[in-house]
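To start, the structure under review is shown below, and the notes come after it.
FYI, it's all coordinate maths here, none of it is from the lab. Computed from a predicted model, the values in this text were never measured in an experiment. Cβ coordinates were reconstructed from backbone atoms using ideal geometry, including for glycine residues, and neighbour counts include every protein chain displayed.
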């Protein structure tokens, strides 16, 4: 009678193919349950083999290792019993299916058929995804099995399996707990040690290391290997050889058995005996090779488990060129060859390359060759191995003809080693073993531990991955800078990238092998933002170097003799690049540095003479009726040397202009310090911080952005130093704001004391002119404003307005052509600059006069029309308005109000909070914008109504408080005058972007308070908070860099400063009983009413800025988070971004805050320009992207202070 065992393959294949008939048949056939349990036992053995790395990590000895596999299989069967019981209980207690327990065991046992393949999980690198696939396959088999014996539908079956799993967890943690404890004790007993199975603890065990102490290594490398081999070790090696040969013979016997019905056996039996013997030997060899390759991971695992015994490193490598005095070595270089390496001998091309590099290097750099990177014991395939004689034959063929297909057997074996090194399970062991080999080799060649001498690993092809794998462990034990030169390396990216000093990845355009790395290894994928590879790239530790039209190997490879377009051979180029990297000399590499280091726009612009400080004499003599100093105190900041800081206690200032009492000081270099006022000193101390450039800062600098590199490594950098050192050169021209106190110290150098941060400006003098004629050669005839007539009929002169340096995209920040025909020319211009050495007034900055006059082109009355203007009109139709400006006043109070009445509310001396917004550059020379989204830029500032001394009319003087990330133009965070940030012809935006300045006059915020002598200014508090944020931005909270992210940007951090300052004001005043008492006694006083409105503003802003109802912790506590890589903290970044999502886009912030102020009764004066100046047909103004939102609601303060 036929039993289930007779249908073994039929039933198993049926289960594997998810054929429900197989599950029905096994319940009918005799011995069905026996077969099912046999399948479960085999699956248990298979799983134990696949997960045997746990036993290796726990260093279980060989005999106990085999016993442990058996114990694991037995425990697996017991777990199956619990699982079957859980399914049976669920079906009978919940579904009332009447399922028989024996049928459950039999059916589920057959469904374990896919798990017979669990041993494949042990494959390097690919085993993990295969394991996931097998788990899904097993689940589907179990569902199919249950459906076959219950006739449930799919969802009911899934539900029963899910409930069964829940019940299993409960059973294991309750009544099954003693059995699980017993199982663990039995496992420990059989293994002879306490077996650790927790993933984190296993990882820690491996990371804790296996590299011996310095003394052990020192002894090991000088002793003869033969004396260190114990008889026990030799016997074990022979036993391993016999077992391997025995397994090979067994499989050959099965393959050619006469009982086998296969075609191969019939063909084989028909051959002559001699030929049969040859085939037998060949087959045995090939199968043995296959097993040798398949079991490659066992070498590293056995080494870790101590199965090799106490074995010394027989061979520590050979120097490519001898160095007479080891003490003179300045750098150690270890070469790790590609996957075709079978012994310590290299291909002729490799030897030739190493010889050429050694000849090109100075005598203090040692190159070591002969390391076998694919063996944790540096043991070649051709000796001291069970099948070394076969490997010798293969390698001899490979050395004679690397292209011979037989040579690829070595490649395949070493590819497995590369996969092991990349596998997160085996990799730490394999890589640690190689690190020990390199470590021992370094010691043998006299590497002085603790010296910090640099080490370079050169890895070719697979040697690139092996080098990267060893770096982490090697650096941990040597504590020295390690660089890797990857020559056509195939690198996974998940090992070593964050431990290296630098990876130079040399890749040819025709190298199809290297291209497999970014495809096969998920750590190289751009979406793997948290992988070591991408983290290292963001820090600038990985430098990609193209070798041009070069392949992977052979004559077309990097060591070949094929010619490049420039006439050099591939080998010559490779030698030059490697030599240049090792010597830290870029010129030797023959590479174009422009491909790796981008020059900033700031450096490009500085090439223009008119953009250099020395172009303008310090002493200036101008007609005071035509030109007026921009500010009273003007000078150039000079950063002191690091050694001078302690005595200087400030920065230097070269005075360009001073008040009447100090005109004699013009040209002097004085010391600029913070005032001794306590609040000023507190401000300075608050912002002092150590500056140590992060990797991101250095990468950003190489990418062409301006960073304060002169401050790198300084301690306690204060805001004055961060401003003076913000650029590479001492070219920061600033105005000092009152009060300015100058004292003579008696030491010959006067000291100037200030209370506020200096403001960045352009030019020293300004005039008011209209352009009359372009005379050519950048000379323009202008006519000055005549205050007597109020028109441009004054003195005529010729000014010099040099053509600016274009940016990389060929865009000129200001175009001279047609400026005299500009739509705004009739209203005149403010021109800012100074006389050059030829005595000609040179225009450095420019501003349309009508933009700043208190003479609006349009006045809009009433709240609804004002809101509609914001929601629909103010940035519409920009292309048609190119070259024009708009001056619009919004008065929300009364639709019938007279225009003059609305204008008259703005008086001399009044101040307003200013919001700045700019858009994008479109047209033929459009700036790069992803998906045509122009985010724009946002900033706060302050505008003051002043009387212009040249025209006698009221005008706005605008100061920005720029919160600006490090950029290529050299724009620096801090106080910026409008003529510098907006109007500077070289560095400003007037001529290329649409600009919008929104001035907010809201008395609760912009007017001061005086509660019986207790005075404070909310606007000053806001400005000071913005100054604090700007100072933090200049040094990136000590990292040297800032960049735009979902949680840090111009609009996010400006909004934070506004919110923090208002919150702090109200908190301080609420705690002042005298102010609270005053307001209660004067409930109807205008100050009390204004303060109540200030509370309404804060409450509304808090509701708007914190949509999740909770203030971000970094906002509340001003946490120093600038310079953080937010992409590497996705959870925190997402939470913060959601907590302040309304401040993500500049135009959102601008429009929403403006509409909040309008609803609270504020007057808004809007000043807009659209690429004003000369006409440039290649660019167009683009409005910043905006996703329409409704009008924000006002949230009155709950507290009534009156």
Rounded FRET efficiency, nearest 0.05, which uses the C-beta distance separating residue 692 from residue 396 and R0 of 56 Å: 0.50
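Quote the relative contact order of the range 4-199 in percent (integer), defining contacts as alpha-carbon pairs under 8 Å separated by 6+ residues.
Details: 252 pairs, mean separation 59.2, N = 196.
Once normalised by length, the contact order is 30 percent.
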Residue 67 versus residue 597: modelled label distance in nm, points set 7 Å from Cα along the beta carbon direction: 6.5 nm
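Just rank 1129, 1001, 1110, fewest to most, by other beta-carbon atoms within 10 angstrom.
Fewest to most other Cβ atoms nearby, the residues stand as 1110, 1129, 1001.
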Whole-angstrom gap from the range 135-199 to the range 1111-1174, using each part's C-alpha centre: 52 Å
Stretchable slack from residue 1144 to residue 781, in nm (0.36 nm times residue separation minus alpha-carbon distance): 126.1 nm
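Suppose only helical runs count, i.e. DSSP H with n ≥ 4. What mean residue ellipticity at 222 nm does that imply for the chain under -39500 (n - 2.57) per run, divided by all residues and rounded to the nearest 500 deg cm²/dmol?
Numbers: 41 runs with 481 residues, N = 1202.
The per-residue figure over the chain is -12500 deg cm²/dmol.
Shape call for the range 319-591 from the C-alpha gyration tensor, a ≥ b ≥ c root eigenvalues: rounded (a/c under 1.5), prolate (a/b greater than b/c) or oblate?
Details: a/c = 1.08, a/b = 1.06, b/c = 1.02.
Verdict is rounded for the range 319-591.
Could you sort 822-832, 732-742, 443-453 so that the peptide with the highest average Cβ count within 10 Å comes first and the rest follow in order? The partial results should precede the final answer.
Numbers: 822-832: 21.1, 732-742: 19.0, 443-453: 14.8.
Going by the mean number of other Cβ atoms within 10 Å, highest first, we get 822-832, 732-742, 443-453.
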Kirkwood hydrodynamic radius of the range 345-473, from inverse mean 1/r over distinct Cα pairs, in Å: 16.1 Å
The range 552-585 and the range 446-482: distance between their alpha carbon centers, rounded to Å: 23 Å
Inter-probe distance in nm under a simple model that places probes 7 Å from Cα toward Cβ, at residue 159 and residue 1010: 7.9 nm
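Express as a percent, rounded to the nearest 5, the fraction of DSSP beta bridges in the range 319-591 (both residues included) that run antiparallel. Mind dumping the intermediate values first?
Values: 2 of 28 bridges.
Bridges in the range 319-591 are about 5 percent antiparallel.
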Part-to-part distance (alpha-carbon centres) for the range 364-415 and the range 322-358, which is given in Å: 16 Å
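With a cut-off of 8 Å between alpha carbons and a minimum separation of six or more residues, what is the relative contact order of the chain in percent? It would help to have the intermediate numbers written out before the result.
Working: 2322 pairs, mean separation 86.7, N = 1202.
Rounded, it is 7 percent for the chain.
May I ask you to derive the relative contact order of the range 631-760, considering only C-alpha pairs under 8 Å and at least 6 residues apart, and to give it as an integer percent?
On the way: 238 pairs, mean separation 37.7, N = 130.
About 29 percent, as a whole number.
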Estimated distance in nm for a label pair at residue 625 and residue 873, the labels positioned 7 Å out from Cα along Cα-to-Cβ: 4.3 nm
Potential extension, residue 583-residue 325 segment - 0.36 nm per residue separation minus Cα distance: 91.0 nm
For the range 4-199, fraction of C-alpha pairs farther apart than 27 Å, in %: 31 percent
Beta bridges per DSSP with both ends in the range 631-760, % antiparallel, nearest 5: 85 percent
Efficiency of FRET between residue 741 and residue 1086 - r from beta-carbon atoms, R0 35 angstrom, step 0.05: 0.50
Share antiparallel - DSSP beta bridges, the chain, percent rounded to 5: 75 percent
Label-zone membership for the range 692-721, site residue 615, 7 angstrom Cα→C-beta point, backbone N under 13 Å: none
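Hey, fewest Cβ within 10 Å first, where do 13, 954 land in order?
Working: 13 13, 954 18.
Neighbour counts put them in this order, fewest first: 13, 954.
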R0 of 41 Å, Cβ-Cβ distance residue 201-residue 95: FRET efficiency to nearest 0.05: 0.55
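For 1150, 505, 893, what's the fewest-to-most ordering of other Cβ within 10 Å of each Cβ?
Working: 1150 23, 505 19, 893 16.
Lowest to highest Cβ neighbour count: 893, 505, 1150.
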Cα-based Kirkwood hydrodynamic radius, the chain, one decimal, Å: 36.5 Å
Cα gyration tensor category, rounded, prolate or oblate, for the range 663-814 with a/c compared to 1.5: oblate
